[in-house]
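Step one of this worksheet: look at the structure below.
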Amino acid sequence: MKPFETVLAELSDDLVLRDRDVIGRFTTDFRRKFSGDSPALLRPRTTEDVARIVSLCGQHKVALVPVGGNTGYCGGSTPDKSGEQLIISLERMNNVRELDVDNLSVTVEAGCILSNIQDLAEQEQLLFPLSLGSQQSCQIGGNISTNAGGVSALRYGVTRDLVLGLEAVLPDGSILSNLSPLRKDNRGYALHQLLIGAEGSLGIVTAASLRLFLAPIRRVTAFVAINDITDLMPLLAKAQQYTGEAMSSFEYVSRASLDLLLDKKNGLRPPLSGKDQHYILMEAVTSSPVLNLNEMIECLFEDCISDGIVVDGTIATSERQRRDLWHLRENIPEGEVLHGGSVKHDVSVRVSDMARFVQLGTALVERYGHGARLSVYGHVGDGNVHFNVLSPEGVNCSAFLDLIATEVSPRIYDLVAKMDGSFSAEYGLGQAKLDLQRTYGDPTKRRLMSSLKALIDPAGTLTPGKVVEQASYEI
Ligand SMILES: Cc1cc2nc3c(=O)[nH]c(=O)nc-3n(C[C@H](O)[C@H](O)[C@H](O)COP(=O)(O)OP(=O)(O)OC[C@H]3O[C@@H](n4cnc5c(N)ncnc54)[C@H](O)[C@@H]3O)c2cc1C
């Protein structure tokens with residue numbers, strides 16, 4: 001009997017699903033870049049179930065891979081091809097354990113879908129601000145484990161900034177219970193922070209206490225064309241100033257990304273009639289009934305038009321128009337998929353270096369890209385851009401993208417490193433970026449990460465081969 005069969009035999013039938021069709025939903029990643037196999041999907045209902053599963057896997061040295069909504073971009077939740085790694089999904093752990101309106105906090109189980117948490121907050125006139133294109137399917141456990149960023153990080157921070165406390169099952173089956181929703185708590189090491197962004201390598205997140213905010217009651221959304229890429233940061237500075245830092249999103253959309261989307265998806269209309277090269281989708285929100293955001297934005301426009309930063313623009317006058325503008329921004333990844341895929345570079349540099357990075361990166365693609373197309377967009381207000389390279393029309397996408405990955409990507413990552421930036425801004429490492437970590441990661445940090453992994457998960461049973469280099473696996 002194989003060790004995983006022993007584990008499965010010891011678990012109650014209710015926890016084990018062997019349906020090949022259901023398992024198949026989790027053995028390939030969202031972008032179809034990674035695929036593997038697994039004999040079973042484990043579906044706990046309680047933290048104690050998770051603890052039992054993890055203990056058994058540890059005892060019998062069976063690898064266990066946590067999966068959330070399977071929307072990650074780095075293959076973190078895809079098992080390997082051995083067919084012996086078990087997958088664990090917390091989809092049935094989707095209860096709200098506590099909502100404390102006065103404390104502006106909510107404690108939820110890790111299998112809750114992100115949009116359900118947003119809806120729950122909204123019903124109480126509150127806001128859970130984490131917002132991603134995948135929010136209808138990703139789970140808060142996955143968001144925490146990838147430290148997801150999204151479109152509101154400018155004002156509210158990334159997932160790490162929204163987590164007050166965590167509950168997690170550690171590789172030895174013990175439960176780290178640190179769910180206290182206190183704003184200040186300095187009782188020694190903030191161990192729960194280690195689990196955030198660990199992509200399941202140090203423990204399985206089972207619940208979290210999250211920060212809530214007062215719901216915005218006024219919102220202004222604008223789509224503007226800027227004169228030149230170098231106008232990005234002057235516009236951001238002015239936008240922050242005029243709105244008293246109420247700016248929650250500042251998203252860049254290149255003409256190339258917009259054209260790609262309009263080309264590939266029917267029924268979409270460009271928000272502006274001109275053929276400008278650079279656009280910003282910006283949104284400011286306030287929970288104050290007296291702050292006049294429209295007036296602030298009009299003053300901002302007046303100033304930026306008069307000094308030539310903004311050349312065209314539109315302000316959404318209805319919720320429908322607002323949604324349409326966001327729909328365009330959020331559908332760019334789908335436009336890339338419809339084109340045949342892209343080589344993604346999810347990178348960050350200092351906000352003050354963003355325009356220079358886009359200019360230098362574009363020059364690299366023009367010089368070494370064999371006629372490649374670019375799709376550049378992203379959360380530039382946070383210094384994070386998705387600098388994606390696509391094949392020219394009519395060229396075999398997959399062969400071309402392989403060429404780009406070997407000839408162009410290293411140059412882009414070298415540029416990021418020279419600018420002191422990050423080769424993974426918000427998607428993590430998973431199995432996709434381990435080689436980049438080897439090339440560009442700080443050696444001391446890598447060594448410490450390996451030591452921590454060895455200390456917390458000595459048998460290496462939790463999602464082996466991802467995030468961290470392990471000297472050897474016992475399994
Ligand atoms: C259309 C689209 C738009 C996106 N936009 C953004 C964006 O703006 N910003 C951004 O940051 N990301 C974005 N993403 C990427 C992705 O949605 C996020 O990384 C998200 O946080 C992943 O959550 P998930 O539940 O799907 O996790 P999965 O993909 O299932 O897993 C991700 C990682 O977390 C681990 N994991 C999952 N659940 C747990 C758990 N309970 N305990 C421990 N480990 C766990 C997995 O093993 C894996 O390593 C986008 C993806 C898509 C498809």
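Brief remarks follow.
Let's see how each residue does on (1) within 8 Å of the ligand (Cβ to nearest atom); (2) of a type in the set (Gly, Ala, Ser); (3) out of contact with any Pro (no Cβ under 7 Å at 6 or more places or on another chain):
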position: Arg43; (1), (2), (3): no, no, yes
position: Glu48; (1), (2), (3): no, no, yes
position: Leu56; (1), (2), (3): no, no, yes
position: Lys61; (1), (2), (3): no, no, no
position: Val65; (1), (2), (3): yes, no, no
position: Thr71; (1), (2), (3): yes, no, yes
position: Cys74; (1), (2), (3): yes, no, yes
position: Pro79; (1), (2), (3): no, no, yes
position: Val96; (1), (2), (3): no, no, yes
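- First in region 171-184 and of a type in the set (Val, Ile, Thr), second anywhere and part of a loop (DSSP other than H, G, I, E, B) and at pLDDT 95 or above, Cβ under 6 Å, 6 or more apart: none
- Residue list for region 234-256, restricted to those being surrounded by 15 or more Cβ atoms within 10 Å (Cβ to Cβ) and of a type in the set (A, V, I, L, M, F, W, C): Leu235, Leu236, Ala239, Ala246, Met247, Phe250, Val253, Ala256
- Filter result for Leu300 (surrounded by fewer than 18 Cβ atoms within 10 Å (Cβ to Cβ) and more than 16 Å from the ligand (Cβ to nearest atom)): no
- Wholly enclosed helices (runs of 4 or more DSSP H) of region 377-470 bearing at least 2 residues modelled with pLDDT of 95 or more and under 21 Å from Phe357 (Cα atoms): 397-407, 409-418, 434-440
- Those residues of region 450-475 which are farther than 17 Å from Leu194 by Cβ, surrounded by fewer than 18 Cβ atoms within 10 Å (Cβ to Cβ) and of a type in the set (S, T, N, Q), in sequence order: Ser472
- Count - residues of region 414-428 that are in contact with a strand residue (DSSP E or B) (Cβ under 8 Å, 6 or more places away or on another chain) and open to solvent by less than 20 Å² (accessible area, probe 1.4 Å): 1
- Contact annotation: residue pairs with Cβ atoms under 7 Å, 6 or more positions apart or on different chains, pairing a residue in region 123-152 that is open to solvent by less than 10 Å² (accessible area, probe 1.4 Å) with a partner that is near the ligand (Cβ under 6 Å from one of its atoms) and in a helix (DSSP H, G or I), are Leu130/Asn143.
- Remark: Thr362 matches the filter, which requires a residue to be in a helix (DSSP H, G or I) and closer than 20 Å to Asp259 by Cα.
- Residue in region 317-333 that is within 20 Å of Thr406 (Cα to Cα) and out of contact with any Lys or Arg (no Cβ under 9 Å at 6 or more places or on another chain) present: no
- For Tyr440, the requirement of being within 20 Å of Glu199 (Cα to Cα), surrounded by 15 or more Cβ atoms within 10 Å (Cβ to Cβ) and away from the ligand (no atom under 16 Å from the Cβ) is met.
- Just one of (1) touching a Gly at 6+ places or on another chain (Cβ under 6 Å); (2) more than 16 Å from the ligand (Cβ to nearest atom) fails for Thr286. It is (1).
- Criterion (open to solvent by 60 Å² or more (accessible area, probe 1.4 Å) and within 22 Å of Val343 (Cα to Cα)) met by exactly one of Arg411, Arg447: Arg411
- Identity of the residue in region 331-348, in a loop (DSSP other than H, G, I, E, B) and of a type outside the set (D, E, K, R), that ends up farthest from Asn396 (Cα to Cα): Asn331
- Residues in region 318-331 that are crowded, with 16+ Cβ neighbours inside 10 Å, within 16 Å of the ligand (Cβ to nearest atom) and either without any contact (Cβ under 8 Å) to a residue 40 or more places away in the chain or of a type outside the set (A, V, I, L, M) (or both): Trp326, Arg329, Glu330, Asn331.
- Residue in region 422-434 that is more than 20 Å from Gly150 (Cβ to Cβ), within 13 Å of the ligand (Cβ to nearest atom) and among the aliphatic types (A, V, I, L, M) present: yes
- Scanning region 394-408 for residues that are without any contact (Cβ under 8 Å) to a residue 40 or more places away in the chain and either surrounded by 14 or more Cβ atoms within 10 Å (Cβ to Cβ) or within 16 Å of the ligand (Cβ to nearest atom) (or both) yields Val395, Phe400, Leu403.
- Options Thr47, Thr28; residue that is in contact (Cβ under 8 Å) with a residue 60 or more places away in the chain and either touching a Phe, Trp or Tyr at 6+ places or on another chain (Cβ under 8 Å) or surrounded by 17 or more Cβ atoms within 10 Å (Cβ to Cβ) (or both): Thr47
- Filter result (without any contact (Cβ under 8 Å) to a residue 40 or more places away in the chain and open to solvent by less than 60 Å² (accessible area, probe 1.4 Å)) within region 189-233: Ala190, His192, Gln193
- Some residue of region 103-113 being closer than 25 Å to Leu214 by Cβ, within 12 Å of the ligand (Cβ to nearest atom) and without any contact (Cβ under 8 Å) to a residue 40 or more places away in the chain: yes
- The one condition in (1) among the acidic types (Asp, Glu); (2) in contact (Cβ under 8 Å) with a residue 40 or more places away in the chain; (3) over 25 Å from Tyr73 (Cα atoms) that Glu295 fails to fulfil: (2)
- Any hit, region 257-271, residues being open to solvent by 60 Å² or more (accessible area, probe 1.4 Å), over 23 Å from Arg218 (Cβ atoms), assigned to a helix (DSSP H, G or I) and not polar (S, T, N, Q): yes
- Qualifying residue in region 332-350 (condition: away from the ligand (no atom under 15 Å from the Cβ), at positive phi and open to solvent by 10 Å² or more (accessible area, probe 1.4 Å)): yes
The values are calculated or read from the model by the stated rules, or taken from the named source; none is laboratory data. It should be emphasised that the depicted structure is a prediction, and the values quoted were computed from it without experimental measurement. For neighbour counting, all protein chains shown are included, and Cβ atoms are generated from backbone atoms with ideal geometry for every residue, glycine included. Note: areas computed on protein heavy atoms with side chains; ligands, DNA, RNA excluded. Shrake-Rupley method; radii C 1.70, N 1.55, O 1.52, S 1.80 Å.
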